[in-house]
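Input: a single structure, listed below in structure tokens.
The values are calculated or read from the model by the stated rules, or taken from the named source; none is laboratory data. Model, not experiment: these values are computed from the prediction. Ideal geometry is used to build each Cβ from the backbone, glycine not excepted, and the neighbour counts take in all protein chains shown. Heavy atoms of the whole protein, side chains included, go into the accessibility calculation; ligands, DNA and RNA do not. Shrake-Rupley method; radii C 1.70, N 1.55, O 1.52, S 1.80 Å.
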Amino acid sequence: MSRRVRIDLAYDGTDYRGWQVQPAARTVQGTLEEALSRLHGGAAVRTRGAGRTDAGVHARGQVADALVGARLDDAVLAKGLAALLPGDLRPISVATVPETFHARLSAVAKTYRYTLDRSRWGDPFTGRFTLHHPYAMDLDAAREALARLPGTRDWTGFTAAACEVEDRVRTLSEARLEVGPACVAFVFRADGFLTHMVRNLVGTILEIARGAASPALVSEVLASRDRARAGPTAPARGLCLESVEYGPTGP
């Protein structure tokens, strides 16, 4: 007999090849499934993640679900995962959920944050989680560009060529800038994201912030659906999946 559980996770993605299982590669999903298998006497346990984070991308609030054996209650399972998982992948919570729960398909919104280290030489204590960017930035231009983004749109122009999803319409409900003493962060909330979407948005807005393009560029890329007109893909290390939200019928 088995039950479905929701597993909330946080991880430093620096040394992982992303979420999804890959042959001969260290991945978050593979590492989690290996630990779950050990807790089930070597039996295979498959997980489903809310988001397939890229290699080097981090998470504070990733969510996975899996069918597990009934003999291990939630508290025991959480304790076992804490003991077996490495220090850069930590369980936050484990909870039994309805069989219909799906970490990805049941989600109604996700929030990503991309953080820039604005210090002169770079902070060694945050270097794994931020993009060092000590250059001049026109923050007003960045805010104007961000203000053009929210809405239900086709995001092909900000999507990687490798994206296999045909329906590229998503609703972006929030796109804002957080400015601190030493860091600047871009925050995006949507009902879903496409391959490299946030990193391509950030790369484009950084071009605007340095004066290489006007804020109107984001509107032009959206209208044209031409990835070649957008800015470069920002490095993975500055990106973090902050949270995944579920509706009132969710767990």
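How many residues does segment 131-168 contain that are surrounded by fewer than 13 Cβ atoms within 10 Å (Cβ to Cβ), at pLDDT 95 or above and either within 24 Å of Gly51 (Cβ to Cβ) or among the charged types (D, E, K, R) (or both)? Residues that pass the stated criteria total 3. In segment 158-192, what residues are outside any loop (DSSP other than H, G, I, E, B), of a type outside the set (Phe, Trp, Tyr) and closer than 14 Å to Thr115 by Cα? Answer for segment 158-192, where residues must be outside any loop (DSSP other than H, G, I, E, B), of a type outside the set (Phe, Trp, Tyr) and closer than 14 Å to Thr115 by Cα: Ala175, Arg176, Leu177, Glu178, Val179, Cys183, Val184, Ala185, Val187. For segment 169-180, a tally of residues being among the aliphatic types (A, V, I, L, M), closer than 23 Å to Arg210 by Cα and surrounded by fewer than 15 Cβ atoms within 10 Å (Cβ to Cβ) returns 1. When the residues of segment 225-251 are filtered to those that are under 10 Å from Phe158 (Cα atoms) and over 21 Å from the mean Cα position of the chain (by Cα), the one that is surrounded by the fewest Cβ atoms within 10 Å (Cβ to Cβ) is Ala228.
Of all residues in segment 18-29, none satisfies being touching a residue at least 40 places away in the same chain (Cβ under 8 Å), surrounded by fewer than 20 Cβ atoms within 10 Å (Cβ to Cβ) and either assigned to a loop (DSSP other than H, G, I, E, B) or within 23 Å of the chain's Cα centre (by Cα) (or both). Looking across segment 196-224, just one residue is outside any helix (DSSP H, G or I), open to solvent by less than 50 Å² (accessible area, probe 1.4 Å) and in contact with a Ser or Thr (Cβ under 9 Å, 6 or more places away or on another chain), and that is Ala213. Can you tell me which of Leu85, Leu81, Leu32, Leu67 is crowded, with 17+ Cβ neighbours inside 10 Å, touching a Ser or Thr at 6+ places or on another chain (Cβ under 9 Å), of a type in the set (A, V, I, L, M) and farther than 26 Å from Arg199 by Cα? Only one candidate qualifies: Leu85. When Arg48 is tested against (1) open to solvent by less than 70 Å² (accessible area, probe 1.4 Å); (2) of a type in the set (D, E, K, R); (3) part of a strand (DSSP E or B), only condition (1) is not met. Of the residues making up segment 51-70, those that are more than 9 Å from the chain's Cα centre (by Cα) and not in a strand (DSSP E or B) are Ala55, Gly56, Ala70.
Evaluation of Lys110 against the conditions (1) in contact with a Phe, Trp or Tyr (Cβ under 7 Å, 6 or more places away or on another chain); (2) among the charged types (D, E, K, R); (3) in a loop (DSSP other than H, G, I, E, B) shows that the sole unmet condition is (3).
All of Ala35, Ala75, Ala82, Ala43 fail the test of being assigned to a helix (DSSP H, G or I), over 22 Å from Gly247 (Cβ atoms) and over 23 Å from the mean Cα position of the chain (by Cα), apart from Ala75.
When the residues of segment 98-130 are narrowed to those that are among the β-branched types (Val, Ile, Thr) and without any contact (Cβ under 8 Å) to a residue 60 or more places away in the chain, which ends up least open to solvent (accessible area, probe 1.4 Å)?
In this case the residue turns out to be Thr126.
Only a single item in (1) touching a helix residue (DSSP H, G or I) at 6+ places or on another chain (Cβ under 8 Å); (2) without any contact (Cβ under 8 Å) to a residue 12 or more places away in the chain; (3) under 24 Å from His58 (Cβ atoms) is not met by Glu220, and it is number (3).
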